[in-house]
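*Asks:* The structure that follows is given in the form of structure tokens.
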């Protein structure tokens with residue numbers, strides 16, 4: 001039995017506590033949170049040892065792994081402390097607000113040979129996995145452009161700040177919402193080279209962004225437009241969608257289904273024909289042993305558990321892959337802070353080429 005601790009007992013932490021403790025290979029043997037009444041209730045009704053201090057828990061509890069579901073700014077120090085004690089780590093997204101810290105921790109986990117994973121659960125949604133299969137098979141030919149979207153009703157009126165809506169604590173809409181579709185882009189196309197035309201707009205929040213617009217530039221001429229808004233009341237909950245155009249057709253996917261229009265279906269691609277094809281998530285999702293919030297949440301936990309059991313450090317959503325996403329989030333933030341180039345009174349007869357920003361190389 002793999003002994004696991006859960007640090008941070010907010011919405012995601014409580015969910016992870018339930019899922020991890022239900023897995024046949026795992027047992028939650030400690031929890032950590034600074035809120036006393038939450039610890040009292042959990043200890044009373046579950047008997048799980050509770051700790052208000054993370055370092056004390058790492059020192060006193062017998063553990064093999066830790067789940068970190070705290071506010072984003074605490075991720076880095078807590079991940080490092082766990083790795084230095086030889087523990088496997090599952091960390092909620094975004095991984096780190098500082099991309100240099102993310103890269104350093106990814107290297108540390110690799111050096112120590114520890115299983116590491118970040119909670120980008122969309123990689124475990126059947127419809128988005130089907131997109132990956134289609135792209136790897138070259139189903140739509142060379143890709144030219146992508147539209148990556150995420151909308152939802154998080155901040156719908158001016159109100160006091162929470163840790164999620166403070167850039168220094170949670171990173172705002174950019175890190176909390178846009179990170180998901182951008183991470184899918186990394187999964188499909190690797191790291192972006194540059195970004196341009198970035199806008200971080202405020203709608204209701206005082207301290208951070210509520211909407212994100214940016215263009216990502218990948219290799220082989222691929223561009224991706226990112227459009228994200230967490231102040232959209234027309235959605236009941238977060239909705240993420242990817243649309244990909246290629247020379248041989250188009251792929252569109254969300255949580256519910258994967259649609260593919262193929263001018264000519266590859267002969268070796270089972271289950272597809274010329275023209276329109278629809279595969280529902282229920283058709284392409286493996287059954288899970290425990291359902292909470294969605295199969296993908298259990299599937300990512302099972303992946304982490306199986307990797308620990310097999311001592312396989314190369315997870316589907318590793319620290320290294322999450323560090324790529326952290327790089328792009330920082331590139332977008334810096335590009336938006338710089339703002340568009342001024343025309344300086346000159347007539348806009350000829351549109352200037354957009355300036356691009358590369359995180360480690362300045363202007364591209």
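*Asks:* Inside the range 270-311, can you point out the residues that are touching a strand residue (DSSP E or B) at 6+ places or on another chain (Cβ under 9 Å) and farther than 27 Å from residue 180 by Cβ?
*Replies:* Matches in the range 270-311: 273, 274, 275, 309.
*Asks:* Just need a number here: residues in the range 228-255 that are in contact with a helix residue (DSSP H, G or I) (Cβ under 9 Å, 6 or more places away or on another chain) and either under 24 Å from residue 155 (Cβ atoms) or modelled with pLDDT under 95 (or both).
*Replies:* Selection size over the range 228-255: 10.
*Asks:* Could we say that residue 235 is in contact (Cβ under 8 Å) with a residue 24 or more places away in the chain, over 22 Å from the mean Cα position of the chain (by Cα) and surrounded by fewer than 21 Cβ atoms within 10 Å (Cβ to Cβ) here?
*Replies:* no
*Asks:* Can I ask one more? Condition test on residue 79, is it farther than 22 Å from residue 182 by Cα, under 17 Å from the mean Cα position of the chain (by Cα) and outside the structural domain of residue 220 (by TED's automatic domain parsing)?
*Replies:* yes
*Asks:* Something else: Between 146, 155, which is at pLDDT below 95, surrounded by 16 or more Cβ atoms within 10 Å (Cβ to Cβ), touching a helix residue (DSSP H, G or I) at 6+ places or on another chain (Cβ under 9 Å) and over 29 Å from residue 82 (Cβ atoms)?
*Replies:* Of 146, 155, the one residue that is at pLDDT below 95, surrounded by 16 or more Cβ atoms within 10 Å (Cβ to Cβ), touching a helix residue (DSSP H, G or I) at 6+ places or on another chain (Cβ under 9 Å) and over 29 Å from residue 82 (Cβ atoms) is 155.
*Asks:* For the range 173-199, name all the residues that are in a strand (DSSP E or B) and buried (at least 22 other Cβ atoms within 10 Å of the Cβ).
*Replies:* Pass one, the range 173-199, residues in a strand (DSSP E or B): 194-199.
195, 198, listed by residue number.
*Asks:* Only one residue in 147, 135 is closer than 22 Å to residue 224 by Cβ and assigned to a helix (DSSP H, G or I), so which one is that?
*Replies:* One residue alone meets the criteria, 135.
*Asks:* Among what's in the range 271-310 and is modelled with pLDDT under 95 and more than 21 Å from residue 6 (Cβ to Cβ), pick the residue that is farthest from the chain's Cα centre (by Cα).
*Replies:* Top of the filtered list is 271.
*Asks:* State yes or no: is residue 219 touching a helix residue (DSSP H, G or I) at 6+ places or on another chain (Cβ under 7 Å), at pLDDT below 95 and closer than 28 Å to residue 338 by Cβ?
*Replies:* Answer is no for this residue.
*Asks:* In this structure, does residue 105 turn out to be assigned to a loop (DSSP other than H, G, I, E, B), at pLDDT 95 or above and closer than 27 Å to residue 75 by Cα?
*Replies:* no
The values are calculated or read from the model by the stated rules, or taken from the named source; none is laboratory data. Since the structure is predicted, the reported quantities are computational estimates derived from the model, not experimental observations. Cβ atoms come from the backbone with ideal geometry, glycine included; neighbour counts cover every protein chain shown.
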